[in-house]
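Note sheet for the following structure.
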Amino acid sequence: MRIYQSEDYQAMSRRAANIISAQVIYKPDCVLGLATGGTPVGTYRQLVEWYKKGDLSFAEVRSVNLDEYVGLSPHHEQSYRYFMQDNLFDHIDIKPENTHVLNGLAKNPEAECAAYNKLIQDLGGIDLQLLGMGHNGHIAFNEPGDDFGLETHLVTLTDRTIDANTRFFDNRDEVPRHALSMGIKNIMHARRILMVVSGEDKAEAVYNAFVGPVTTDVPASILQLHPDVTLVGDKAALSKLVEAGVPVCG
């Protein structure tokens, strides 16, 4: 595992974007696993800037997203499809047919999940998976206690996750109670994993994930067993790792 400490959120975002851009340059038709949430926004913004400068092209890239809310249309402002269009896809040259997000309106969620697993397989697997992490150590919508062997599946969101996402909706009652999400097994099969973390409020989760035991109580802890993980965080998010003497790169 490689751990990079950046001075602040902007520097963290730039370093993460560097890693993604290097993957795209090395393999122009790579499969990127993409994440939503507040933390990756700066990374996407930097990638868009480099694309607009002519430094980077996504013309051959294929993408698969981690998750989507059940019950939200792709045009809903809080759907993850909308997020990806607004923050990345609409601003680069990636082909629309090469971008894949789970369908939150699928009449048969189980069939949608099975089809998504097959899609990832048919694409040849994920070359680089971008991840954020929740305060309870969840990755995608894999909550504490979920089986590490799960592939894409229907998730019942925990109260803590619902509370954390309430800020994006008019009120708590509007937050969806279910989501479709890649499972830990999908994530662990990615050839490379890049996790981005920012803020002091994530410091304990980072410590538990990368210093504590591998346990389903902290889903991200399974990443300790992956052969190629890069963690990029700002000083605040990595503070407890540094205090514990975990080596980090500047």
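The values are calculated or read from the model by the stated rules, or taken from the named source; none is laboratory data. Computed from a predicted model, the values in this text were never measured in an experiment. Note that each Cβ is placed from the backbone with ideal geometry, even for glycine, and that neighbours are counted across all protein chains shown. In case anyone asks, the SASA skips ligands and DNA or RNA and just uses the protein heavy atoms, side chains included. Shrake-Rupley method; radii C 1.70, N 1.55, O 1.52, S 1.80 Å.
Filtering segment 107-123 down to residues that are in contact (Cβ under 8 Å) with a residue 40 or more places away in the chain and closer than 19 Å to residue 150 by Cα, which residue is surrounded by the most Cβ atoms within 10 Å (Cβ to Cβ)? Filtering first and then ranking leaves 116. One residue is enough: does segment 139-157 have a residue meeting the conditions aliphatic (A, V, I, L, M), open to solvent by less than 20 Å² (accessible area, probe 1.4 Å), touching a Gly at 6+ places or on another chain (Cβ under 8 Å) and not in a loop (DSSP other than H, G, I, E, B)? Yes; the residues of segment 139-157 include at least one that is aliphatic (A, V, I, L, M), open to solvent by less than 20 Å² (accessible area, probe 1.4 Å), touching a Gly at 6+ places or on another chain (Cβ under 8 Å) and not in a loop (DSSP other than H, G, I, E, B).
When residue 162 is tested against (1) part of a loop (DSSP other than H, G, I, E, B); (2) modelled with pLDDT under 95, exactly one condition is not met: (1). Only residues that are open to solvent by 20 Å² or more (accessible area, probe 1.4 Å), in contact with a Ser or Thr (Cβ under 9 Å, 6 or more places away or on another chain), in contact (Cβ under 8 Å) with a residue 40 or more places away in the chain and within 16 Å of residue 1 (Cα to Cα) were counted across segment 192-250, and they come to 4.
For segment 125-138, which residues satisfy the criterion of being part of a loop (DSSP other than H, G, I, E, B) and not polar (S, T, N, Q)?
Across segment 125-138, the qualifying residues are 125, 126, 127, 132, 133, 134, 135, 137, 138.
Note on segment 162-186: residues that are open to solvent by less than 20 Å² (accessible area, probe 1.4 Å), out of contact with any strand residue (DSSP E or B) (no Cβ under 6 Å at 6 or more places or on another chain) and of a type in the set (Val, Ile, Thr) total 2.
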